[in-house]
Amino acid sequence: MTLVLAVDGSNDLYVGVDGSLATATQLRAVMQAAQQAAQTQFGEMIYAVDQGIPSFDVVWNGAPNLAQFDAFLRRTLLAVPDVVGVESIDIARANGVVSYVARIQTSFGPGVLNG
């Protein structure tokens, strides 16, 4: 069973109704892990500096390479335990903001990530 510490909309840990740190399981846990993986910058993790998305290099370098961003995002999402497929990634760029909608398939069913 996939079990992770749950986070709220601000990505902060919180205390559940039982007075303990809240946890997430199954689909919610996988979706939370996938969202956090997609938000991790390349080199940000001190024990896994070869992981993450090189957003600064492929998006914020003045000439965004959205195809490369798509490839890194797919690879990152597929590395999350219990993510079994990436159905689609729709990337948009407007007013200096790059956003995406990723539809993924997990061991517990489908999910959608917005970033």
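The values are calculated or read from the model by the stated rules, or taken from the named source; none is laboratory data. Keep in mind it's a predicted model, so treat the numbers as computed, not measured. In this analysis, Cβ positions are derived from the backbone assuming ideal geometry, glycine residues included, and neighbour counts consider all displayed protein chains.
Some notes on this structure:
- Residue that is farthest from the chain's Cα centre (by Cα) [pool: residues in the stretch 1-12 that are hydrophobic (A, V, I, L, M, F, W, C) and surrounded by fewer than 12 Cβ atoms within 10 Å (Cβ to Cβ)]: M1
- Every pair of residues 6+ apart whose Cβ atoms lie under 9 Å, when the first sits in the stretch 50-72 and is closer than 16 Å to V97 by Cα and of a type in the set (D, E) while the second is part of a helix (DSSP H, G or I) and at pLDDT 85 or above: D57/Q68
- Residue, surrounded by the fewest Cβ atoms within 10 Å (Cβ to Cβ), within the stretch 66-96, restricted to residues that are over 16 Å from I53 (Cβ atoms) and hydrophobic (A, V, I, L, M, F, W, C): A94
- In the set (1) buried (at least 16 other Cβ atoms within 10 Å of the Cβ); (2) closer than 19 Å to N11 by Cα; (3) modelled with pLDDT under 95, the condition left unmet by Q36 is number (1).
- Any helices (runs of 4 or more DSSP H) falling wholly within the stretch 13-90 and containing at least 1 residues that are charged (D, E, K, R) and under 13 Å from the mean Cα position of the chain (by Cα): 26-39, 66-78
- Counting residues in the stretch 60-80 that are within 15 Å of G115 (Cα to Cα) and among the charged types (D, E, K, R) gives one or more.
- Yes/no for R103 being of a type in the set (D, E, K, R), at pLDDT 95 or above and surrounded by 14 or more Cβ atoms within 10 Å (Cβ to Cβ): yes
- Pairing residues of the stretch 100-111 that are more than 14 Å from L78 (Cβ to Cβ) with residues that are not in a strand (DSSP E or B), at Cβ distances under 7 Å and at least 6 apart in sequence or on separate chains, gives Y100/L73; Y100/G115; F108/Q26; F108/L27; F108/V30; F108/D82; G109/L27.
- First in the stretch 82-93 and at pLDDT 95 or above, second anywhere and in a strand (DSSP E or B) and charged (D, E, K, R), Cβ under 6 Å, 6 or more apart: E87/R103; S88/R103
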